[in-house]
Amino acid sequence: MSGLFKINKLIYSLILVGFISMAVNSISIANEFDDYENYATPAEQQYVVMPEITGGWFAATDCFPDNGNGDTIGMYETRGRMLVANDNFIYLQKNYGSGAGSGSWNPGDPHGVPGENLPGGHDNWIIVAEVTPGVGNPPGEGDMDPSFLHISPDGTMIALGMGYAQPMLVFPISMLDPDNPPLLNSGTGGNTPASGVTLFPWGATPIDGVQYYEAEWVPDPDTSLSTLSDGTLDPSASTNNTHLAINTDRGWDGNNWEGDGSQIEILDITDASNRPVIIINNIGYSPSYSASADLTIDNYGNLITGQGYDYNNPIPGPGSETGQIKIFAADEWMDAYNGSPGSPSPIEYDHTTNIIAENILSAAAMGVDKYNNLHVGGGDVVSGMIGESGFAAVIHADALLDGLDDLGPLDESDPLIYKELQPDTNADDSATFAVYNPWAEGIVILWNPKNYSGTGYGPYDGWYEGVQPIATSYYTENSPDTDGDGWNDGSDNAYLTANFGQEDTDGDGWANAADADFNNDGTVGLPDYSIFRRAYGTSNSNIDMNGDGGVGLPDYSIFRRNYGKSAPFY
């Protein structure tokens, strides 16, 4: 065990466990794990309606961090906003709340069929960039089917895996523009990058290019970890914003759904001529091996990955490695980055050591919250025999410590260490996607509220064109609610103005309580005052800013406070 790992592990343990005089063991130390609870009724969910899937299968999503540097995309400050990639577009979230639309919908409403444009969908999403798809799978589909979209820890760069057989793009957020969305790549196969975009082509081997199932930003393995005073990674450090870890199965065969074992590769994204280096290989057993899984880096630089699907033994139980999750200490995976794309020196996966969990979904959509609790998404998208679907799992940070100590996989029946969050009351989603919003301090679970029965897809909700995913957020007691109205900032359509009802009667995306721009020209001025005067004494719901059913003196007071302001209105 190297000195770096010993120091890293010591700091990690002290922060999670705390002072012994405060508790008997680490489980009793509050880290907000217990706050992640299912809602008593679906109507209690704080949710956002996502853009309708108009091409491909998936809507790749991430949330901007709270980096405190005031970065903006157009007039929108980035912190906490969601970014979504689907079809040929990248969308920016207009407002944090449930979105525009005067209609009503809640997660408990009956399921339907694709194509029903739910209230609060497209109107709350702004196109900020376009892409040119590659050849696709199958070739000629003409749209992006994104594998991942990940924002760098400092919030300034974006990595976009456009989909199977398509290139990967890395670009600064300064390129995103809601008024004039740029085309990020062009040409045959989408392999010509726009100025400012770093493009990595798809390749059969590491020396040819990238292949990916998922990826994550990781610390530069050639340098010491850049950390804050509490031992956690410093998101603003340049060395934590220059490399990606990629989980791929280069031998995967879509015809027989098998491969030669997935692996982890590290890519330096600072130069388009760079190619990935294998650091972990043989994830799975011969002859059929395992499907790729997600991967993530915890708050202390340890790498977490696993196996999405054990083709040799797919049904969870003794001997199966479907949904296995394993942790690699920071110095272990960083030391493996000592070869070249053409001649790497990877470490073996080792199927028996440092296991965090067994049989957890498809080991997809992994990440950690600010307390180092691990979330896991994915689901039963390959075989109806597994039954791991319709929820996302949350695993206590102590289980990561246990994994580093090689104490064996967690016990799913122990509520102190493992719990399931299931936003769909029908519990029939083929897969759920989960991502952490560090500004809002909540786990966001994306799921599909629509039933779809297609040949070969099974009797559950799948992700297809026409579907509008729902993003339900799960918060903790420490998650911010700045205006104190019971809606956490990440789900509040006026997070600086108390509005218990979240009214947005004109459907422009801005809550009535903060929106005095009645003519929707972006600024509150004399034309809006004229509209207000004409509506005074009426029951005009669009001018009723306090939601009491009429336009009167309280609304005039609110209007005066907002006079002269420009969008966005919070």
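The values are calculated or read from the model by the stated rules, or taken from the named source; none is laboratory data. All of these numbers come straight from a predicted model, not from anything done at the bench. Counting neighbours? That spans all protein chains shown, and the Cβs are built from the backbone with ideal geometry, glycine included. The protein model used for the area step is the full one, side chains on, heavy atoms only, and it has no ligands, DNA or RNA in it. Shrake-Rupley method; radii C 1.70, N 1.55, O 1.52, S 1.80 Å.
Does at least one position in the stretch 172-185 carry a residue that is under 27 Å from W57 (Cα atoms) and without any contact (Cβ under 8 Å) to a residue 12 or more places away in the chain? Within the stretch 172-185, one or more residues are under 27 Å from W57 (Cα atoms) and without any contact (Cβ under 8 Å) to a residue 12 or more places away in the chain. For the stretch 429-452, the tally of residues that are of a type outside the set (A, V, I, L, M) and not in a loop (DSSP other than H, G, I, E, B) stands at 7. The set of residues from the stretch 405-428 being among the acidic types (D, E), in contact (Cβ under 8 Å) with a residue 24 or more places away in the chain and assigned to a loop (DSSP other than H, G, I, E, B) comprises D406, E412, D424, D428.
Exactly one residue out of D230, D220 is surrounded by fewer than 17 Cβ atoms within 10 Å (Cβ to Cβ) and either in contact (Cβ under 8 Å) with a residue 12 or more places away in the chain or not in a loop (DSSP other than H, G, I, E, B) (or both), and it is D230. Of the residues making up the stretch 534-544, one or more are over 26 Å from D483 (Cα atoms) and assigned to a helix (DSSP H, G or I). Summed over the stretch 265-313, residues that are within 26 Å of the chain's Cα centre (by Cα), in a strand (DSSP E or B) and either among the hydroxyl-bearing types (S, T, Y) or under 21 Å from N354 (Cβ atoms) (or both) total 18. For the stretch 34-70, taking the residues that are more than 16 Å from W447 (Cβ to Cβ) and free of Cβ contacts under 8 Å to residues at least 60 places away in the same chain, the one that is least open to solvent (accessible area, probe 1.4 Å) is identified as G70. Residues that are within 27 Å of G203 (Cβ to Cβ) and of a type in the set (A, V, I, L, M, F, W, C) were ranked within the stretch 339-374; the one that is most open to solvent (accessible area, probe 1.4 Å) is I347. Looking only at residues in the stretch 354-369 that are at pLDDT 95 or above and assigned to a loop (DSSP other than H, G, I, E, B), the one that is nearest to S413 (Cα to Cα) is N354. Among the residues of the stretch 167-192, those that are on the phi < 0 side of the Ramachandran plot, part of a loop (DSSP other than H, G, I, E, B) and over 20 Å from the mean Cα position of the chain (by Cα) comprise P167, D177, P178, D179, N180, P181, P182, L184, N191. For the stretch 375-388, which residues satisfy the criterion of being closer than 13 Å to F433 by Cα and either modelled with pLDDT under 75 or in contact with a Ser or Thr (Cβ under 6 Å, 6 or more places away or on another chain) (or both)? G377, G378, G379, D380, V381, listed by residue number.
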